[in-house]
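Reviewing the structure listed below.
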Amino acid sequence: MSGSYLTLITFIPLAGTVLILLLPRQRVELIKRAAALFSLVPLLLAVAMWAEWGQRAAGAYGMRFLERLEWIPSLGISYLMGTDGLSFPLVFLTALLSFVAVMASWGMIKHREKDFFALLLLLETGMMGVFLALDYIVFYVFWELVLVPMYFLIGIWGGPRREYAAIKFFIYTLVGSVIMLIGILALYFGTGAVSFNMMEIASKAGGMLTWRAQLWVFLALFLGFAVKVPVFPFHTWLPDAHVEAPTPISVVLAAILLKMGTYGFFRISYPTLPDAARAFAVMFAALGLINIIYGALTAMAQKDLKKLVAYSSISHMGFVLLGLAAGTHLALAGAMYMNISHGLISGLLFLMVGAIYDRTHTREIPKLSGLYVTVPVIATVLAFGAFANLGLPGLAGFIAEFFVLAGVFPASVTWVALAVLGMLVVAGFNLWMMQRTLMGEKRAEYAELPDATPLELFTYAPVVALIVILGVAPGLLMRFLDGPAADIVLRLGGM
Amino acid sequence: MIDLHHAIVLGVLLFAVGLYGALRTTNAVRILMCIELMLNAVNLNFVSFARLAAVSGTAQAAVPGQVFAIFVMTVAAAEVAVGLAIILQIVRQRGVVHIDRINLLKG
Amino acid sequence: MSFLDGLAALAPTIGFFVLAVIILVSAWMVSHARRITHAAFFMVLVFTGVAGVFVLLGADFLAGGQVLVYVGAIAVMFLFAIMVSDLKEISDAETRARGAGTGSAAAGGTGTRKVWFVLAGLVTVGFAGLVLAALARSGLPAGAVGAAAGPGTTAPIARELFTTFLVPFELASVVLLVAMVGAIVLVAREREEEVE
Amino acid sequence: MTLLEKTMAAAALPPALLENIWLVPALPLASWVVITFFNRRLGERAAHVGTAAVLGSLVLAVAAFVGLLRIGHPVSSGGHWLTLGPVELRMGFTVDSLGAVMLLVVSIVSAAVHVYSVGYMHGDRRYQRYFGTLSLFTSAMLALVLADNFLLLLISWEVMGLCSYLLIGHWFEQAWPRMASMKAFMTTRVGDVAMMIGIWLLFTQTGTFNIADITRSAAEGHLGPAVITIAAVLLFAGAVGKSAQFPLHVWLPDAMAGPTPVSALIHAATMVAAGVYLVARSYGIFMHSAEAMLTVAVIGGFTALFAATIATVMTDFKKVLAYSTVSQLGYMMLGLGVGGFVAGVFHLVTHAFFKALLFLTSGSVSHAVGTFEIHEMGGLARKMKVTFWTFLAGAAALAGIPPLAGFWSKDEILLAVFGSGYHVLFWMAVATAFLTAYYMTRLTCLVFLGRPRDRHRYEHAHESPLSMTGPLVVLGALAVVAGLPGSAWMGHWLGHFLDFGHTLPGLSAAGHDAAAHAAHGAAGHGAAALVMPIAIGSAVLGILVGYAVYGLRLVRRESLIRAFRPIYTLFKNKYYVDELYQVVFVRPSVRLAEMCGIFDNRVIDGLVNGVGAVTVETSAAAGEFDNIVIDGAVNGLADGTVAAGRQLRRAHTGQVQSYMVALYAGAAVSLLALLWFLL
């Protein structure tokens, strides 16, 4: 047991939740500081793990910081936590953005702070658990755990149609995860009901399941993850959830929750059922392309800023799907890179849209204009985010898209051509958005809006810095992603 | 000598008379009395069968029958005590012994 | 062998039949005697008759017990109860009322009484008949069961009572105790109030 | 010690400088960072920071140029950037002759524009942001010319696009700049995307982004001819987008919405030249595919003529220059396309100087007169001496009057085109030369000569301050002198400098020279003798006709228009290309987007809500069913029991004796059964 980093990083936020629940309701300042502290600690732990990454030799299955505890031996369920190149960046992203969300909520959440922060930290625990769990049952527990706080966070602090959005989100994801559970159980029993350990099942699944069973299980798992990603037909919960969720929550929702879906593909679907994955490759590509183009086009038609960013998330997730479909080393590494870069970029965009909403109390694009003049700093950061979003070279988004498509090129040129069409539309709606909201004359009613406060700047700074760093020196992140990508390519037997 | 059958027939007849008596009277106390008769008939049977056991077996074999009769007696005594106490209370409260009027438990 | 020896040989049988008649007639009178106190006396008669039969059947301890318990205790308790309360007047008034044939509403009129008697009779005859039929077909060995004067059953009963039947014996004492307490509580209620 | 010797001495440090050439782009980048972060505190001083940085880069560029001269071979530097499984990517800079020349051109023009902007942009509300973005642009352009791999080239290429977007949209309060900036970025983005596909294709084939390696593998025949052609055409598509060639030229005229110095720097000299530079830089690839070369030549030639025709009817000073730029870029592409590598690059260099000059003069004129409408000007020569004479120098150079710069480079291109044997292209080029001379003369007459048409503006006109006229003079001198290095008088020194294999390290010297000399050789002196007079003739003819129409008013302008009514309207409306794009691309995509939006809300959400509604319905129905049927049964049962209970209740008469009767009747029955079965 090499130092229980992972258990600490997962359960410290939970401890925070418990502590906050004990604090008196009126002591809002104390609550806010406690929440900040309990979300800062996992971030520091993540940094410590990043520093130690080198010395830690990769243990079993190529995992580091492995922790194992027998939970239900009779069924072969054990509390098994571990991280590798694929999940560590996501853990880092979760730690960072949860901290950013907490800091952002200092200013934005005005009522029932205590419950809000308690639920937010609970959410962080859930997310951490999903990325670190290596046992299907533990994974599923955390997967469901995430739903509960998110439902309340949207349902209570959300916008006008929050109940509808919260329920829609909850049922959509729940149905997905139930189907996923069927898949998991099929896997468990298919491989002789010995243990729920992901890695062991992955090694045995290929041999033991019949071809038809593999397809069905892959489909079940696909549905479970597709709802989360979201993939084209199952995406309509995302815009509603984003529009109605309070800003810090839609930051977390966009930046991390969507990644749980794609993480599922990388961690479970592809390594466990490589042949089925290859069989579904064309479907993945088709859905990915639909996501890209359809997402971008719908984004262009949106009048609400948050919906626009939500649909752009769908479009970017399409790239990840395309990368998965191609299955080449570059495409997979690019797709994993996109997970992180999109998390940062859409997180930043939501923060900015939230800041604007806080000041102008409207997200309708027609009503906003001339923000460059009234709130120059916020407008500039939003412009920065928009350019990162459309994949301006030199920023993280471009590197991801470039390598995904460079990887997809040998697989099929038509896919690249269509994806590139999507990139044009993405550039289109981003520019059009900037043109309508940031440029134009100053509006009287927004004349004397306060610009970004130091606290807000402190929240944006790390995200902006990371987007630039990952754009200029992608080696930092690629170092982590290289291993897992090669591993998956090996399993896929080279598409 | 007494014939077993006769003893048993006597018991049965006594039981029948007790039963009929209990059914036809409207006086609670009489019912109790008739019940006592029925119990005696039962004891009679016990003893006659005990006797049969003694005759066909050892004398010792008669004992259980008779012991059981003793227990029937104790129960009968207890039953009378309680029965009478209840009837006295009913008389004291309602001033009536007529069994048909004591029908508080009517459904 | 003289008529006396014969008679002596027959004595238990004759005794048995005499006792049987006494028992049955007095049993009948218990429910049919007009006055409740007469019924009580007839009940005593039945008890003693049965005790006689017990003696004939060689259950001497039991016969003694019968006399002691039934006649000495239960019959006396009945009389005591009747005497203490004004139970006597009430029950006699009722009998008279019924006897006069006015048929009070509660009794449902003599018409239903008649029907009730028939029903009761039917049930009794039916039940007794069936028992006898069962007895007849049971193939019980007939034969004399009369007891010669034996060594007396007290000792064996006592031994049995305190060995194999020790637990029932104790339980019986508990039953008696409970009955006593119950009876006292039921009957003695006013006196407690007076005390307070 | 004269200035020259001092620079030569400074050249002593070139090897060290060439090793870390990254300093050149780093200076302006640093100034951008400084300006952005210390925005408010700097205020007006932001301009000084920006100018200082650019001058620094200029000095370094000169030193690098001299250093390269002395060393004689390209120097590349850079390091490991990224490892991805089998692929190991390096990122770095290379200084070769083409790079050094471009460095020089860019830094000179950028410095001039910086100095000019101090005066021109005085009092602008977003002064710091203007200079910050200008520095970023310069840094990106410098990085572009030094990049040794397509990835870095692409990154700087798009950062330049970003800066052009920001600068065009500098005065975003007005509608035109807003539309123009977006149009610029989107159109160039179309080209960039095509270029990316080209880069991916090359990367998939060669496994690297390094230009030198790719050129070498192309030369050694590792790449199939089809791959080369497609990759070259795709790269050229990127160039078409950036250098505003037909059909992606529509954004350049609208880019004039930005401040004039921006137009001068970005939309005349540097950025738009990046496309030509890209073709030049990857010339090693283009050369191996005749089809690609032909495409470049044809599109270049056509664009030249096409834009020149439109320029003749433009009434806005900058629009004329904009279309002139498109035309001249077409010229360069034509030059490169027919194998005249040196000619193309030479023209690029000279054009950068005099076109920047012309734009700056237009700026100073607008500063004086307050408008760009040439029909409201006239007779400004007397009022703005310096601007007039520098403008004249630029115009003459552009028109191709010997011995100015334009003449030499245009002559080289005509020579190359003539040598390549494509006579149609040659005559198109000559026609373009004629038209160029014509519209420049028209411009000169309408703006500076003749009677002032607007008294008020004429009164108000005054010469621009020194900070603006200074750069004009410098550029004017360059417009005159710049042609000489490449001209015959100096024995085609520039050609040899560019030629000695430095430019195409990957290419074996023989291969390249053959193409270049082919141009010279085939034509031979005879050709040169034939081409020269034609070139001069067309220029002179253009001037005479122009002067006749606009100077002496021999022919009424209106009658001329009436005569060529259809052609005039066609030119006037820019061949309706803008409207075409609007109808074919922009409007349908917006409508498609709307349809998707509606589709998403109605159908998918409808579907989901439908499913929701259906579930609600079915649940309601289930509820009904549940109530009626199942409940019915249950209630029935309950009622039955109650009824039965009520019946049975009567059995409890309360009479003890009836219970006894029941008891014994039961006993009797069971006895009966017992007897019946057992005995």
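Laboratory data are not the source of any read-out in this text; all were calculated from the coordinates shown. For clarity, every value in this text was computed on a predicted model and none was experimentally measured. Every residue, glycine as well, gets a Cβ built from its backbone with ideal geometry; the counts of neighbours run over all protein chains shown.
Values as computed for the structure displayed
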{"read-out": "Largest-first ellipsoid semi-axes for region A:245-312, taking √(5λ) over the Cα gyration tensor eigenvalues, angstrom", "value": "28, 18, 4"}
{"read-out": "Rg in Å to one decimal, and Dmax rounded to a whole Å, for chain D via C-alpha atoms", "value": "38.5, 152"}
{"read-out": "Inter-chain shielding of D:595-603 (mean C-beta neighbours from other protein chains, 10 Å cut-off)", "value": "5"}
{"read-out": "Rounded to whole Å, sorted largest first: equivalent-ellipsoid semi-axes of region A:88-223, Cα gyration tensor", "value": "35, 17, 10"}
{"read-out": "Residue D:555-residue A:53 pseudo-label distance in nm [points 7 Å out on the Cα-to-Cβ vector]", "value": "7.3"}
{"read-out": "Computed Kirkwood radius, in angstrom, where 1/r is averaged over Cα pairs of region D:307-386", "value": "13.9"}
{"read-out": "Phi-based couplings in Hz for region C:42-48 (Karplus 6.51, -1.76, 1.60; Gly and Pro marked x)", "value": "4, 4, 4, 4, 4, 4, 5"}
{"read-out": "Against the rule of thumb 2.2 N^0.38 Å, how large the Cα Rg of region D:341-394 comes out", "value": "1.36"}
{"read-out": "Per-peptide average of other Cβ atoms within 10 Å, ordering D:429-440, D:291-302 highest first", "value": "D:429-440, D:291-302"}
{"read-out": "Distant-in-sequence amide H partners of residue B:3 (H built 1.01 Å from N, under 5 Å)", "value": "C:145"}
{"read-out": "Globularity ratio of chain B, using Cα Rg and 2.2 N^0.38 Å", "value": "1.35"}
{"read-out": "Quarter of the Cα convex hull surface for region A:173-304, i.e. its orientation-mean projected area (nm²)", "value": "8.4"}
{"read-out": "Whole-number Å³ per residue for the convex hull built on Cα positions in region A:330-438", "value": "87"}
{"read-out": "Peptide D:154-167, shielding by other chains (average Cβ, 10 Å cutoff)", "value": "3"}
{"read-out": "Relative contact order of region B:4-101, defined on C-alpha pairs under 8 angstrom at six or more residues apart (%)", "value": "29"}
{"read-out": "Simple Cβ-charge dipole of region A:378-495, Lys/Arg +1 and Asp/Glu -1, about Cα centre, in debye nearest 20", "value": "280"}
{"read-out": "Rh (Kirkwood; distinct C-alpha pairs) - region D:159-212, Å", "value": "12.7"}
{"read-out": "Per-residue mean of C-beta atoms belonging to partner chains within 10 Å, peptide D:272-282", "value": "0"}
{"read-out": "Proportion of all alpha-carbon pairs of region D:195-326 beyond 27 Å (%)", "value": "28"}
{"read-out": "Anchor residue A:228: lysines whose Cα lies under 25 Å away (excluding residues fewer than 8 positions away in-chain)", "value": "A:168, A:259, A:303, A:306, A:307"}
{"read-out": "Acute angle (nearest 10 degrees) that the helix D:656-678 long axis makes with the longest principal axis of chain D, alpha-carbon atoms", "value": "90"}
{"read-out": "Descending Cα extents along the principal axes, region D:10-88, whole Å", "value": "45, 42, 12"}
{"read-out": "Rg over Rh [alpha-carbon atoms, Kirkwood Rh] for region D:42-155", "value": "1.07"}
{"read-out": "Diffusion constant of region D:251-353 at 10 °C, which comes from Stokes-Einstein with the Kirkwood Cα-pair radius and 1.306 mPa s, µm²/s", "value": "116"}
{"read-out": "0 to 90° range, to nearest 10: angle between helix D:423-447 axis and chain D longest Cα axis", "value": "80"}
{"read-out": "Extension gain, residue D:222 back to residue D:643 (0.36 nm per residue minus Cα-Cα distance, nm)", "value": "141.6 nm"}
{"read-out": "Exposed GluC sites (Glu not before Pro) absent: longest stretch of chain A, with sites in DSSP loops and at most 16 other Cβ within 10 Å deemed exposed", "value": "A:1-440"}
{"read-out": "Taking N as its residue count, the alpha carbon Rg of region D:596-659 over 2.2 N^0.38 Å", "value": "2.46"}
{"read-out": "Cα convex hull volume per residue for region A:280-495 (Å³)", "value": "99"}
{"read-out": "Distance from region D:318-359 to region A:185-264 (C-alpha centre basis), Å", "value": "57"}
{"read-out": "Debye intensity ratio in log₁₀ form over the Cα atoms of the protein assembly as shown, taken at each q of 0.03, 0.08 Å⁻¹", "value": "-0.33, -1.00"}
{"read-out": "Under the Karplus curve 6.51 cos²θ - 1.76 cosθ + 1.60, θ = phi - 60°, whole-Hz ³J(HN,Hα) for region D:393-407, x wherever Gly or Pro sits", "value": "4, x, 4, 4, 4, 4, 5, x, 7, x, x, 6, 4, x, 4"}
{"read-out": "Cα lying deepest toward the dipole's positive end in chain A, options A:418, A:341, A:139, charges on Cβ", "value": "A:418"}
{"read-out": "Angle between chain A longest axis and helix A:136-157 axis [Cα atoms, degrees, rounded to 10]", "value": "20"}
{"read-out": "Residues residue A:278 and residue A:68, FRET efficiency given R0 of 35 Å [Cβ-Cβ distance, rounded to 0.05]", "value": "0.65"}
{"read-out": "Under 5 Å, built H, 5+ apart or other chain: amide partners of residue D:448", "value": "D:379, D:380"}
{"read-out": "Principal axis box of chain A, alpha-carbon based, largest edge first, Å", "value": "70, 58, 44"}
{"read-out": "Partners for residue D:572 among aspartates and glutamates (Cα-Cα distance below 13 Å; same-chain residues under 8 apart left out)", "value": "D:316"}
{"read-out": "Calculated from backbone phi, Karplus (6.51, -1.76, 1.60) coupling profile of region A:159-176 in Hz, x at Gly/Pro", "value": "x, x, 9, 5, 4, 4, 5, 5, 5, 4, 4, 5, 5, 3, 5, 5, 4, x"}
{"read-out": "Point-charge dipole on Cβ atoms (K/R +1, D/E -1) for region A:85-204, about Cα centre, debye to 20", "value": "360"}
